[in-house]
Amino acid sequence: MLTVGVGASVVAVLLTSGNTAGALPAVVSFAVVGFVTLLQLSVHLVIMLFYGAKANAAAGEHAAQLLCRQAEARQALAAAEAAGDGHAAAAAAATVAMLDTARHLVLADADLEPVRILGLPATSGLMKTLAAGAASAASAIIAVARNLYAGRVG
Amino acid sequence: MPLVAAILAIMAAPPLTAVVQVGAGTHASGGGSSSEDASDNAISMVSNPLRRRATPSAAASAASVAAASTPPVGAGVIPLEHRPVVDLAPIAFHAGAFLEQFVYQFGYPLSLPLMLAVRGRAAAHAMRFLPVGGTGRVVQALIQVLLSVTTLLPVVGYALEAARVPPAAQGGDAGVLGALYEMVIVLAGAAFQRAVVATKYAYLPSQEYRRVMTSDVPYDLLQRDQILVAWTNVSEPLLEYELALAGQRLGFDADAVAFTLSADAVARLNVLLDYRDDGDDAGDASTGGATALPPLVGTPSADGSVVVTAAAMAKALFLRTNRSALALGVRLGVVSTLLCLATATAPMIVRLSYGAAPFGVTTGQVLTFAAALPCMFAYPALLLAYMRVGILDYRRRANALGRLTTLVSRRATARTLLRTPTFNAAAKVRSLGAVDLSPAAVRSLAPALPLDSPGNVLAWLMVRPLLGGGGGRYPVRCLQPSFAPPPPPPPPPPPTRRHWC
């Protein structure tokens, strides 16, 4: 979206630079090539962001699953202790501890080493922000184009 | 590192003291702490879990007790860290290599004499700048020469146009401006594409970069490690190599960390691995026919259980996300190619729509516009091809992690098993009325991958970084070939499992 914004700026400058009418084909060609290329790059970035956010979201799901398995292991531990089965209780206690450690590791990993796009952690929130920016850029481009067209016709 | 010792304590300590030993190990790690330190902190955790250090007297009195139950720190421990433990060099950026490569690439073929003088013939050969050494190299070198020479033509055309501004009937200043714009587009595209190639070289480890630039690497080896060829459609040998490399960087042997499962659990795993009710990766999920992927196979042990290594699990998950990623890549590639073609021809169409000659009038215009056409297609197409590999890589990782989720999920297991003939006679059930939903029946739908022992939890924990880090050098290094031959077969793994399993 940043590249789209830069591209929009370049094209806006070109279209408002007061070139002669004969130069219009060159200006329009430049604008079209720049925009389509920038658009493709942006779409690719957004797709990467989508899958990066999906990978990051998996960490939360994994932590929740580990918590569920930990709760089950605690149930087993309590049941074994109630039954006086020391061996089973010990095994369950070790599993509980390991699940707890693993859950913390997963969460820490998600905090410290998330999948990043352009240096930013890929999240659905970032996608929404970029989408809002893209919509704003598109509306600005349309407004500029309409003003230019109205000016030329007028 | 606290967690390393925590796992050591859980694995190695007698079961009844495991929870206490977690605290013991938590403070005993961090670069090879002594067993005395471990015992010191063991006592502190027993007395007060929030205390970081124990008094010397307490440590001394408990040292013998803890030493008797705790092996030396580091023995049999699977290293854990939130970043790769070793081998950070392959993903470091080297500015010198970048600048050198950018000059060679952007200036080619004019830079060839400079390169031969500085680096010699081997470097030019490895970079496929010389059309010698077999059909593949010749073709690639000729394409490079053709594209590079074509890139220079708009510059020549613009120089001709600007040197003698044509009369108004032949475009006048507008013709010069058009030639200028198209030259800028071509040069900018070339600069971006060459910068990407230079960046790939810049992320090579220094030693490997020197080797590439000084020795003649066999063409087959170059091709096998090319990202656009190799990492797009990953072969099993390359995947195994990358997973082993990821394990090495993380500091553990992925073949020595294993799940211990029942035969029934392995059967369930294979069903779950090959089944997706949303149709995703359906092509990978064939349960028969030529396209079926190999099932997950473990090693039977004496007690009737089956041992499945973390590497095998990661490989199975990764392979089952590969085909749909490729399909996505093909779709994106078709759309992208068409858009690049449309973009390249856009200036010509615009000129036609304004009643001008599509390829200009003067010699300079013809030279510029005709040469810019293939360049405006080729450079964006190449750039986007590199970006597509990044998309495939991200998608494979995300989907593989998603599949890992389903393996430990009761919900995913229940949804799959209820709809699979292998496990349910009323397969593809349309109504829950046909399903036994009694508490006992629901309880029987255990996760396909049971995290019911510390060893299984640890192995599951190791699969995550393998999926996240396997092949990580490709996207990080902008998908550059490694030029590195496959490593020699590793020695037999040390008997680490007996320490923690």
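Where a number appears in this text, it was derived from the coordinates with a stated rule and is not lab data. Everything numeric here is computed off the predicted structure, so don't read it as measured data. Note: ideal-geometry Cβ built from the backbone for every residue, glycine included; neighbour counts use all protein chains shown.
Extending 7 Å from the Cα toward the beta-carbon at both A:Leu67 and B:Thr337 defines two label points whose distance is 4.8 nm. For the residues of A:52-58, the average number of beta carbons from a partner chain within 10 Å of their own beta carbon is 6. Assuming R0 = 60 Å, can you tell me the calculated FRET efficiency for the pair A:Ala140 and B:Arg211, based on Cβ-Cβ distance, to the nearest 0.05? Efficiency for this residue pair is about 0.75. Let me know the whole percent of all Cα-Cα pairs from segment B:321-382 that are separated by more than 14 Å. Cα-Cα pairs in segment B:321-382 separated by more than 14 Å: 64 percent. Rounded to the nearest 0.05, the FRET efficiency derived from the C-beta distance between B:Val165 and A:Asn147 at R0 = 30 Å is 0.40.
Annotation: amide H of B:Ala258 within the under-5 Å range of B:Ala310, sequence separation 5 or more or interchain, hydrogens built in the peptide plane. A simple spin-label model places the labels of A:His87 and B:Arg415 3.9 nm from each other, with each point 7 Å out along Cα-to-Cβ. Under 18 Å from a label point set 7 Å out along the Cα-to-Cβ vector of A:Leu39, no amide N atom of segment B:178-199 is found. Ratio of Rg to Rh for segment B:289-340: 1.28 [Cα atoms; Kirkwood radius as inverse mean 1/r over pairs].
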